[in-house]
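A.B. asks: Pasting in a structure now, in structure tokens, and then I'll have a few things to ask.
The values are calculated or read from the model by the stated rules, or taken from the named source; none is laboratory data. Predicted, not measured: the structure shown is a model, and the values here were computed from it. Glycine gets a Cβ as well: all are built from the backbone with ideal geometry, and neighbour counts include every protein chain shown. We work out accessible area using only protein heavy atoms, side chains counted, and drop any ligands, DNA or RNA first. Shrake-Rupley method; radii C 1.70, N 1.55, O 1.52, S 1.80 Å.
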Amino acid sequence: MITITEALGQILRGNAFLEFGFRHDLFNLTKLARFLRPQVEARTAKETQETALTMALSRLRRANPPPPGTRTGHDLTLESVTVHSGLALRTFSRSPALQSRLAKIHGQVHEKNGFCDLSLGMREVTIILDARLRDWLDEAVPQKPVYRNDEVAAVTARFPERHIAVPGILYALMQRVTLQNINIIEITSTYTEISFFVEQGDARLLFDTFFESFSLQSEPEKTHRPLARKCE
């Protein structure tokens, strides 16, 4: 049987949003206790009074204040944050013929060391590539796109492998995007990388947000603040 304090600690550590708000004193503890009461009772298998929960939350917060001047990021360390600006995006209705054509384009761009990202959905397919190639893409794919955007940038965060098994890591990154009211146009990810495709004008703000929010372990050239660059 676990205690109320242990149950609260498990719940808070398992939710990046709750942990962030709790550590930064953003919640009314009485209302937070009322919200968490069902989860605590489920973990402790006994009825719990809101006053007891409120007192336990208060003790937890006093015992675990954020260190002065610390960068808070769910204990997340990023290896690098990079920006690739000047991109164009096209989304099409998916078909076998189109998929084959886009796969060929994807390979051709990469052979020339260009940027190209291809995402396949159940009904749609999205391709993102250097904006200087958009006219070539439009000629190669005469099909009318469902959506197009010629002012896109990619902000890519790379994190160590040790974070893979930690719940809430990707949420911690997406939370920072949401707090800045930045619209995410597209997301792609791999084993240790996640790329947020946003409007060109939001790329600098997103980069600076990640830079200031998380500890960075990378080469200097990968962690400096980039100058904004317009699409050609």
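A.B. asks: For GLU151, all conditions in the list (1) outside any helix (DSSP H, G or I); (2) in contact with a helix residue (DSSP H, G or I) (Cβ under 8 Å, 6 or more places away or on another chain); (3) at pLDDT below 90 hold save one; what is the number of the exception?
C.D. replies: (3)
A.B. asks: So, one more: Does GLU124 count as touching a residue at least 12 places away in the same chain (Cβ under 8 Å), touching a Cys at 6+ places or on another chain (Cβ under 8 Å), open to solvent by 60 Å² or more (accessible area, probe 1.4 Å) and over 30 Å from LEU8 (Cα atoms)?
C.D. replies: no
A.B. asks: Among what's in the stretch 162-172 and is open to solvent by 70 Å² or more (accessible area, probe 1.4 Å) and part of a helix (DSSP H, G or I), pick the residue that is modelled with the lowest pLDDT.
C.D. replies: TYR171
A.B. asks: Now a separate question. For the stretch 152-211, name all the residues that are under 26 Å from GLN10 (Cα atoms) and among the aliphatic types (A, V, I, L, M).
C.D. replies: Answer for the stretch 152-211, where residues must be under 26 Å from GLN10 (Cα atoms) and among the aliphatic types (A, V, I, L, M): ILE164, ALA165, VAL166, ILE169, LEU170, ALA172, LEU173, MET174, VAL177, LEU179.
A.B. asks: Looking only at the stretch 177-194, count every residue that is free of Cβ contacts under 8 Å to residues at least 40 places away in the same chain and under 25 Å from PHE115 (Cβ atoms) and tell me the total.
C.D. replies: 11
A.B. asks: Filter the stretch 173-212 down to residues that are among the acidic types (Asp, Glu) and open to solvent by less than 50 Å² (accessible area, probe 1.4 Å) and give me whichever is modelled with the lowest pLDDT.
C.D. replies: ASP208
A.B. asks: Test of understanding: among GLU41, GLU47, GLU19, which residue is among the charged types (D, E, K, R) and touching a residue at least 40 places away in the same chain (Cβ under 8 Å)?
C.D. replies: Of the residues listed, the single one that is among the charged types (D, E, K, R) and touching a residue at least 40 places away in the same chain (Cβ under 8 Å) is GLU19.
A.B. asks: Read through the list (1) at pLDDT 90 or above; (2) open to solvent by less than 60 Å² (accessible area, probe 1.4 Å); (3) not in a helix (DSSP H, G or I); (4) not basic (Lys, Arg), then give the number of the only condition that GLU47 fails.
C.D. replies: (2)
A.B. asks: Could you give every pair whose Cβ atoms fall below 7 Å, whose first residue belongs to the stretch 54-67 and is over 13 Å from GLU6 (Cα atoms), and whose second residue is in a helix (DSSP H, G or I) and modelled with pLDDT of 90 or more, counting only separations of at least 6 or pairs across chains?
C.D. replies: THR54/LEU29; THR54/THR30; THR54/ALA33; SER58/LEU29
Residues are listed down the side, and each one gets a yes or a no for (1) at pLDDT below 90; (2) within 17 Å of GLU19 (Cα to Cα); (3) of a type in the set (Lys, Arg); (4) outside any helix (DSSP H, G or I):
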position	(1), (2), (3), (4)
LEU57	no, yes, no, no
PRO65	yes, yes, no, yes
GLY69	yes, no, no, yes
GLY73	yes, yes, no, yes
VAL81	no, no, no, yes
GLY86	no, no, no, yes
ALA97	no, no, no, no
ALA103	no, no, no, no
VAL109	no, no, no, no
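A.B. asks: In addition: Is at least one residue of the stretch 130-140 loosely packed, with under 15 Cβ neighbours inside 10 Å, of a type outside the set (Lys, Arg), modelled with pLDDT under 95 and within 24 Å of GLU193 (Cβ to Cβ)?
C.D. replies: no
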